[in-house]
Amino acid sequence: ITHVGKTQPERALEAKNYALRIFENNRLIAAINIMPRDACDRSLAGLGARGDRAVCRDKLASGGTGPAMIVVPDSPAIPAFAISKYEVSIREFNQYCKITGACGTVSGQDDALPVVNISINQANGYTKWLGSVTQQKYRLPTRNEWMYAANATNQSHDPNRNCQLSSRGIEKGGKLVRANTGMQNSWGLVNYLGNAREWVYDKSRNLLAVGGSFEDPMDRCDVNAMAKHAGQADMSTGFRVLRELTR
């Protein structure tokens, strides 16, 4: 049962329950600890663009699920991790505010838009809350982790990203669009360039805003777009969350 539980926890739990019916009150069997399967299992690494079955969500202790996550494979320099497929939305942030009372909910807007106009303390409060209700370690990404996830395997980015453009009757940018709008990259990440720029930390724990926003010209909306940030609330900066993998 212990051996099977390492790779097939659901099957091992069935076997444990069956064994306890045969050997009632057996302390050795009762003491077997079966770790539940991680929703964001490493077997999903690199598959996030293949549809809902390759996207993971942690269950919340209060009911419901956390943000949709994709699993990014490891590299020689960066261990595998899960990162939210989309920028954190108003709906997701409002869930945190309602349950904890730590902030006022955002109203009067499409709740599928990325949440902006919040402080870095509020964003970090959201990640800590996610960790407490899922028993997983959530945080903001580092710049290197963010760039690795954004570039994926082919460094091909959505040409129709939400940045400022005015050409031949085509007008883009100027306002936020829904967090799930746009083409995903080869690992399943969506809307990481333009729309809301996103908070990350550099190696020295300095706060940066990366990826450009709906206010930036299209030719400056790329993975190298970066600005120092003081953590104050503004209308063009949001975030996505990273979750460390347990095993």
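Checked against the criterion of being touching a helix residue (DSSP H, G or I) at 6+ places or on another chain (Cβ under 8 Å), open to solvent by 30 Å² or more (accessible area, probe 1.4 Å) and either touching a residue at least 40 places away in the same chain (Cβ under 8 Å) or of a type outside the set (Phe, Trp, Tyr) (or both), the candidates 26, 17 yield just one match: 26. Could you say whether any residue in the range 63-74 is at pLDDT below 95, touching a helix residue (DSSP H, G or I) at 6+ places or on another chain (Cβ under 8 Å), under 22 Å from residue 179 (Cα atoms) and part of a loop (DSSP other than H, G, I, E, B)? Yes, that holds for at least one residue. Out of the residues in the range 103-127 that are surrounded by fewer than 18 Cβ atoms within 10 Å (Cβ to Cβ), polar (S, T, N, Q) and out of contact with any helix residue (DSSP H, G or I) (no Cβ under 8 Å at 6 or more places or on another chain), which is nearest to residue 60 (Cα to Cα)? Looking at the filtered set, the residue picked out is 124. Considering the range 83-138, and only residues there that are in contact with an Asp or Glu (Cβ under 8 Å, 6 or more places away or on another chain) and among the aliphatic types (A, V, I, L, M), the residue that is nearest to residue 36 (Cα to Cα) turns out to be 130.
Contact map, the range 120-145: residues that are under 14 Å from residue 88 (Cβ atoms) paired with residues that are open to solvent by 60 Å² or more (accessible area, probe 1.4 Å) and of a type in the set (A, V, I, L, M), Cβ distance under 9 Å, separation 6+ or inter-chain. Pairs shown: 120/230; 122/102; 125/102; 126/102; 129/99; 129/102. The set of residues from the range 93-121 being of a type outside the set (Phe, Trp, Tyr), part of a helix (DSSP H, G or I), touching a Phe, Trp or Tyr at 6+ places or on another chain (Cβ under 8 Å) and within 15 Å of residue 238 (Cβ to Cβ) comprises just one member, 120. Restricted to the range 156-209, and to residues there that are open to solvent by 60 Å² or more (accessible area, probe 1.4 Å), touching a residue at least 40 places away in the same chain (Cβ under 8 Å) and not in a strand (DSSP E or B), the residue that is farthest from residue 75 (Cα to Cα) is 178.
Based on this model, can you work out whether residue 161 counts as closer than 19 Å to residue 93 by Cβ and not β-branched (Val, Ile, Thr)?
When the stated conditions are applied, residue 161 does not pass them.
The single condition among (1) among the small types (Gly, Ala, Ser); (2) surrounded by 13 or more Cβ atoms within 10 Å (Cβ to Cβ); (3) within 25 Å of residue 129 (Cα to Cα) that residue 62 does not meet is (2).
When we screen 220, 247, 240, 197 for residues that are basic (Lys, Arg), closer than 27 Å to residue 137 by Cα and modelled with pLDDT under 95, the only hit is 247. Of all residue pairs spaced 6 or more apart or on separate chains, those with beta-carbon atoms under 7 Å, a first member in the range 35-53 that is in contact (Cβ under 8 Å) with a residue 12 or more places away in the chain and a second member that is aromatic (Phe, Trp, Tyr) and open to solvent by less than 30 Å² (accessible area, probe 1.4 Å) are 46/187; 48/187; 49/187.
Consider residue 140 carefully, then state whether it is under 19 Å from residue 227 (Cα atoms) and either of a type outside the set (S, T, N, Q) or surrounded by 14 or more Cβ atoms within 10 Å (Cβ to Cβ) (or both). Answer is yes for this residue. Which of the residues belonging to the range 29-56 are part of a helix (DSSP H, G or I), open to solvent by less than 50 Å² (accessible area, probe 1.4 Å) and more than 22 Å from residue 74 (Cβ to Cβ)? Within the range 29-56, 29 is the sole residue that qualifies.
The values are calculated or read from the model by the stated rules, or taken from the named source; none is laboratory data. Values in this document were obtained by computation on a predicted structure and should not be read as measured data. Ideal geometry is used to build each Cβ from the backbone, glycine not excepted, and the neighbour counts take in all protein chains shown. Side chains included, ligands, DNA and RNA excluded: accessible areas come from the protein's heavy atoms. Shrake-Rupley method; radii C 1.70, N 1.55, O 1.52, S 1.80 Å.
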